[in-house]
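The values are calculated or read from the model by the stated rules, or taken from the named source; none is laboratory data. Computed from a predicted structure; not experimentally measured. Neighbour counts run over all protein chains shown; Cβ positions are idealised from the backbone, glycine included.
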Amino acid sequence: MLRSNKKSWKTVAVTMVGVLSISLLAACGNEKSASSDTSAVIVKYDGGEITENEFNTEMNIMKFMSPQYAQLMEMDEFRKYLVEQQVTYEYMYNQASEESKTAGTKAAETQLAQMKTQVGGDEKWNTMLTDASLKEEDIKNYMARVMTIIEDKSAKVSDEELKKQFDADPDQFITASVRHVLINFQDPETQEDRKEGEALKIAKEVKAKLDKGEDFAKVAKEYSEDPGSVDNGGLYEDTPISSWVEAFKEAAKTLELNKISDPVETEYGYHVMKVEKRTEPKYDELTQEQKDALANSIVNTQIQTFMEKDLSGIMEGEIKLPANPAAEKGTEGTDGTGTEGTDKGTEGTDAGKEGTDAGTDKGTDAGTEGTDKTDGK
């Protein structure tokens with residue numbers, strides 16, 4: 001419930017390279033077979049081409065990995081962007097070293113095994129693939145291509161660049177153990193808005209009990225309306241503060257340790273908080289995993305810069321998108337769904353142009369996205 005989720009469509013398409021929400025198709029380490037794919041060519045580029053069959057597989061992979069963005073995939077602008085993305089990553093893969101390709105393939109195999117476990121084993125995994133019109137090889141190749149690019153470009157990032165990236169946003173590695181009680185603006189039983197001032201009144205009641213020395217975990221289990229922490233006595237332990245909504249994050253960063261806060265207002269309601277522990281590492285104290293995350297951010301920026309400034313120089317001619325069934329349906333006026341999807345997608349496009357979120361974690365999104373939906377954060 002507390003997790004920040006500010007992702008525009010361009011954020012997903014570009015900066016999620018480190019977490020597998022990017023689009024890559026061609027077989028890893030294998031040449032594409034022209035004889036096995038006779039579909040129309042969508043676009044040619046320096047060193048290869050994207051066919052309609054490859055694009056369709058790309059769309060299926062994107063929906064499989066990020067189903068919440070399925071509606072955006074009805075937009076021609078988004079579809080065009082995915083083609084440009086395919087070109088970028090196929091081109092970058094071709095430029096990668098053999099060592100990076102070997103390492104990328106190994107990392108993909110590890111990630112694939114984790115994904116199977118997370119969804120409940122081979123049988124459920126195979127059913128999911130069938131429903132998505134995909135083969136396991138499609139997913140493996142997709143991840144291997146992603147990991148290869150990450151390996152290749154990350155290896156070229158200097159320590160000086162890592163330090164500069166860290167200094168630009170040191171908060172990204174602060175972790176905290178925070179106990180809190182959330183009083184929602186809505187009554188969780190009726191789902192109706194509480195009367196003005198009611199949520200704050202209850203939050204102040206909670207604070208008064210805690211100020212008198214009542215056990216925080218006990219009070220949280222009695223009052224808190226955050227399903228993600230109530231069973232744990234209101235505790236989020238050793239959590240990156242960057243994952244929380246802004247007001248909660250700022251309080252977790254600045255509150256005096258073990259002091260009961262005044263009610264903190266977020267979009268969810270009022271929180272009465274206590275920070276039990278906070279870790280603020282300096283650059284020299286970062287783990288290798290944390291430095292890898294910094295490198296991912298740098299790589300994401302490099303890729304985005306390439307797409308904005310250099311991509312046109314390697315593409316040959318215009319992109320010839322295949323027919324868009326969703327757009328045709330909207331034109332016919334069937335239930336208005338095509339037009340509605342376009343309108344909503346345009347809003348997402350505008351949001352995407354405002355900026356991107358470069359903070360990513362290598363190889364985690366495919367597994368953690370489902371977790372986010374169940375842990376209440």
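Computed values, structure above
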item: Exclusive hit being over 23 Å from Phe55 (Cβ atoms) and either out of contact with any Leu (no Cβ under 6 Å at 6 or more places or on another chain) or among the basic types (Lys, Arg) (or both), set Gln95, Gln114; result: Gln114
item: Residues being over 30 Å from Arg194 (Cβ atoms), touching a residue at least 12 places away in the same chain (Cβ under 8 Å) and not aliphatic (A, V, I, L, M) - total across the stretch 243-286; result: 6
item: Residues (modelled with pLDDT of 95 or more and of a type in the set (Asp, Glu)) located in the stretch 85-98; result: Glu98
item: Answer from Lys209, Lys221, Lys195 - the residue that is in a loop (DSSP other than H, G, I, E, B) and either more than 24 Å from Arg278 (Cβ to Cβ) or over 20 Å from the mean Cα position of the chain (by Cα) (or both); result: Lys195
item: Scan of the stretch 303-315 for residues that are farther than 13 Å from Tyr91 by Cα and exposed (fewer than 15 other Cβ atoms within 10 Å of the Cβ), ordered by number; result: Thr305, Glu308, Lys309
item: Members of the stretch 161-211 found to be over 22 Å from Asp226 (Cβ atoms) and either of a type in the set (D, E, K, R) or crowded, with 17+ Cβ neighbours inside 10 Å (or both), listed by number; result: Glu161, Leu162, Lys163, Lys164, Gln165, Phe166, Asp167, Asp169, Asp171, Gln172, Phe173
item: Meets criteria (within 30 Å of Glu196 (Cβ to Cβ) and touching a Gly at 6+ places or on another chain (Cβ under 9 Å)) for Ser297; result: no
item: The stretch 94-140, subset without any contact (Cβ under 8 Å) to a residue 24 or more places away in the chain and not in a helix (DSSP H, G or I), residue surrounded by the most Cβ atoms within 10 Å (Cβ to Cβ); result: Lys135
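Here is a yes/no grid of residues against (1) among the hydrophobic types (A, V, I, L, M, F, W, C); (2) farther than 28 Å from Phe55 by Cβ; (3) at pLDDT below 95; (4) outside any helix (DSSP H, G or I):
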residue	(1), (2), (3), (4)
Asn258	no, yes, no, yes
Ser261	no, yes, no, yes
His271	no, yes, no, yes
Val275	yes, yes, no, yes
Ala293	yes, yes, yes, no
Leu321	yes, no, yes, yes
Ala327	yes, no, yes, no
